[in-house]
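A quick write-up on the structure given underneath.
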Amino acid sequence: MRRWNGWGDDTVTHEVPEAARAKLAEWIGPATAPVDATLDEVMNQVQPSRLPDHPLVVTGLLERVRHARGQSLPDWLALRSGQIEAFPDGVAFPTDDEQVSALLEYAQKRGAELIPYGGGTSVVGHINPRPGGRPVLTVNMGRLNRLRTFDHKSLQATFGAGVAGPDLEAQLRAHDCTLGHFPQSFEYSTLGGWVATRSSGQQSLGYGRIEDLFVGGRVESPGGLLRLPATFPASAAGPDLRQLVLGSEGRLGLITEVTVRASPLPEREDFHAVFFPDFESGREATRLLMQTGVPLSMLRLSTGRETATTLILAGHELLIGTLERLLTLRGVSEQKAMLLFGISGREQLARSARKEALAITGEHGGVHVGRTFGNEWHKGRFHTPYLRNTLWELGYAVDTLETATSWEQVPEMITAIEEALIPGLEAEGERVHAFTHLSHFYKNGCSIYTTYLFRLAPDPATTLHRWQRLKEAASKAIVGLGGTISHQHGVGVDHAPYLQAEKGVLGTGLLAAALDYFDPEGMMNPGKLVGRSGIIAQDEFGPT
Ligand SMILES: Cc1cc2nc3c(=O)[nH]c(=O)nc-3n(C[C@H](O)[C@H](O)[C@H](O)COP(=O)(O)OP(=O)(O)OC[C@H]3O[C@@H](n4cnc5c(N)ncnc54)[C@H](O)[C@@H]3O)c2cc1C
């Protein structure tokens with residue numbers, strides 16, 4: 001069964017090797033295991049529902065707890081400590097578009113707020129009910145999960161929007177196709193959620209981001225039904241309305257159906273690892289790989305600190321010891337930076353892409369160590385988030401943040417983010433371990449993804465305060481250098497105060513006006529993305 005207060009299936013765990021535990025104690029100090037609230041304790045806090053009965057609406061305590069929070073660090077803190085300010089008053093699980101429409105009408109008539117819920121994997125507070133507002137109905141879209149039509153000639157597939165990653169891929173594989181969209185949250189996140197948050201999968205380099213894959217669909221909004229036709233490959237008929245739905249974060253309406261571009265299953269798929277003597281050489285090599293157009297499906301370049309941390313967390317001491325000796329002989333040692341690259345496609349194309357990639361990385365001092373590391377990464381890529389459960393249980397908090405910027409700006413941005421985080425808790429005598437990789441590459445830049453760990457405090461309020469300080473410092477560093485506040489996680493609550501830095505006053509005003517047009521009563525997921533008059537200040541939502 002899915003964990004109610006952590007990541008993933010409760011029969012799956014990810015151990016932290018003994019050597020890694022010792023390193024964590026050395027880096028940030030020994031930690032103390034927290035005492036978590038029990039499910040019963042949390043259910044006992046849920047207030048009676050304010051929603052009148054409806055055959056599609058469940059008001060049981062368990063479902064209301066399970067839909068109260070997502071996967072951000074403040075969400076974890078709330079769930080684990082049992083300090084949750086607001087629960088939905090009811091949860092519905094529609095099975096077709098008509099039921100979605102009926103639920104929208106019910107919420108409208110009852111003056112309720114409605115939160116569309118995909119897989120609940122948001123890491124920025126997207127699906128959290130607001131404390132003290134109107135009654136809240138959360139609509140879990142997960143039962144709209146069928147492949148509705150498949151156009152073999154055009155390779156277009158239309159799904160119910162609540163289909164989760166594994167189910168979507170299984171249904172496409174029956175047609176020898178793939179969507180190629182693999183966010184790390186793949187196990188639970190849904191197609192509608194990907195569209196609503198402008199998600200990016202790990203192989204976006206080969207298959208595209210969700211906005212490249214999203215052809216059309218159907219949105220039930222308080223203002224009516226918005227149809228986005230999927231019948232033409234391109235159009236010059238004015239602004240593209242799909243762009244309004246992409247990243248709408250449940251504020252516009254409920255996406256019930258999505259048509260996507262599928263790709264034939266690749267004849268060959270391999271993942272390789274290359275180690276560079278330092279991060280700068282790797283960065284130059286990846287820039288050239290992008291700008292010369294080598295057809296890869298995935299790239300991920302870790303800084304020296306991330307490479308060292310990954311190798312320690314991986315365990316396999318014998319294998320890694322042998323690798324390190326081999327790399328030292330080739331002049332790659334202390335500062336080494338690991339690049340993983342993936343190739344997916346026709347046999348012939350895969351062979352030539354591999355040759356070109358190895359030529360460019362070799363010219364920059366990269367040592368190719370074969371496919372073992374790359375294929376291990378591929379095998380375990382959806383397993384890594386389980387580590388967060390184990391680390392938490394040891395007493396460590398883990399969070400990630402991400403941005404995208406130009407090639408020119410990448411070094412300065414990494415330094416600014418890590419310098420905001422690493423000394424960020426010095427005032428209270430705490431240390432932070434932060435490390436970064438580049439992923440999602442473009443000709444003109446790439447995304448930057450930083451992971452940071454710090455110790456949980458004995459009380460949740462202090463831990464939350466630690467996180468707030470770190471998040472604020474890093475977010476200010478990002479927007480201060482002109483980076484986007486999010487390359488892939490979206491805006492939700494946590495990034496909303498920084499949106500105006502990117503969109504401007506007119507831009508956020510325009511978004512607010514468009515949302516208001518579809519939702520004049522402001523019932524759709526209020527408090528996320530933009531407020532009714534534009535920007536949302538942090539305190540408008542209440543404590544996260
Ligand atoms: C461990 C982990 C790894 C992650 N890795 C990635 C990654 O690699 N790439 C990435 O892009 N993101 C990643 N994320 C973030 C998250 O998975 C994405 O934002 C994802 O797209 C959310 O999908 P969901 O179905 O879970 O949506 P939810 O979390 O349920 O909802 C997110 C937002 O979308 C809206 N929404 C959902 N479904 C609909 C619908 N049918 N109609 C209208 N609005 C809807 C909700 O109202 C909400 O505002 C990760 C998260 C975790 C916890």
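The values are calculated or read from the model by the stated rules, or taken from the named source; none is laboratory data. A quick note: this is a predicted structure, and the numbers were derived from the prediction, not measured. Counting neighbours? That spans all protein chains shown, and the Cβs are built from the backbone with ideal geometry, glycine included. Only protein heavy atoms, including side chains, enter the accessible area calculation; ligands, DNA and RNA are left aside. Shrake-Rupley method; radii C 1.70, N 1.55, O 1.52, S 1.80 Å.
The trypsin sites (Lys or Arg not before Pro) found in region 99-172 that occupy coil by DSSP, while having at most 11 further C-beta atoms within 10 Å, are Lys153. Peptides 330-342, 178-190 ordered by packing proxy, namely the average of other Cβ atoms within 10 Å per residue, highest first: 178-190, 330-342. Would you mind telling me the share, in percent, of accessible area of region 71-216 contributed by carbon and sulfur at probe 1.4 angstrom? Using a 1.4 Å probe with all protein chains present, region 71-216 comes out at 47 percent carbon and sulfur.
Just to be sure I understand the rule: take each whole DSSP H helix in the chain, project its Cα atoms onto its long axis, keep it if the span is 15 Å or more and its mean Kyte-Doolittle hydropathy is at least -1.0. Which ones pass? TM-like helix candidates: 18-28, 97-109, 279-291, 317-329, 347-363, 410-421, 460-480, 499-518. A 1.4 Å probe run over the chain, with the rest of the protein chains in place, finds 41 Å² accessible per residue. Note on region 179-201 and region 1-35: Cα centroid distance 25 Å, given to the nearest whole angstrom.
Taking amide H as placed 1.01 Å from N in the peptide plane, Arg3 has its amide H under 5 Å from the amide H of Gly8, Asp9, Asp10, each at least 5 places away in sequence or on another chain. Would you please name the chymotrypsin sites (Phe, Trp or Tyr not before Pro) within region 440-544 that are DSSP coil residues with at most 15 other C-beta atoms within 10 Å of their C-beta? Nothing satisfies the criteria. Rounded to the nearest 20 debye, the dipole size of region 322-422 about its Cα centre is 780 debye, using +1 on the Cβ of Lys and Arg and -1 on the Cβ of Asp and Glu.
How much of the accessible area of region 349-442, in percent, comes from carbon and sulfur atoms when a 1.4 Å probe is used? After summing per-atom areas, the C and S share lands at 53 percent.
A cut-off of 5 Å between modelled amide H atoms, ignoring neighbours fewer than 5 places along the same chain, links Gly492 with Leu529. Taking only the C-alpha atoms of region 432-544, Rg followed by Dmax gives 16.1, 47 Å. Using the Cβ of Tyr207 as centre and a radius below 14 Å, the other residues enclosed give a net charge of -2, where K and R count +1 and D and E count -1.
Annotation for region 280-342 versus region 376-418: alpha-carbon center distance of 16 Å. Amide H to amide H distances under 5 Å link Gly90 with Val136, Thr138, where only residues 5 or more positions off or on other chains count and H is placed in the peptide plane. Take every Cα pair under 8 Å whose residues are at least 6 apart in sequence, average their separation, divide by the length of the chain, and the relative contact order is 17 percent.
Phi angles across region 237-251 convert, under the Karplus curve 6.51 cos²θ - 1.76 cosθ + 1.60 with θ = phi - 60°, into 3J(HN,Hα) values of 7, x, x, 7, 5, 4, 5, 7, 7, 5, x, 7, 6, x, 7 Hz, Gly and Pro given as x.
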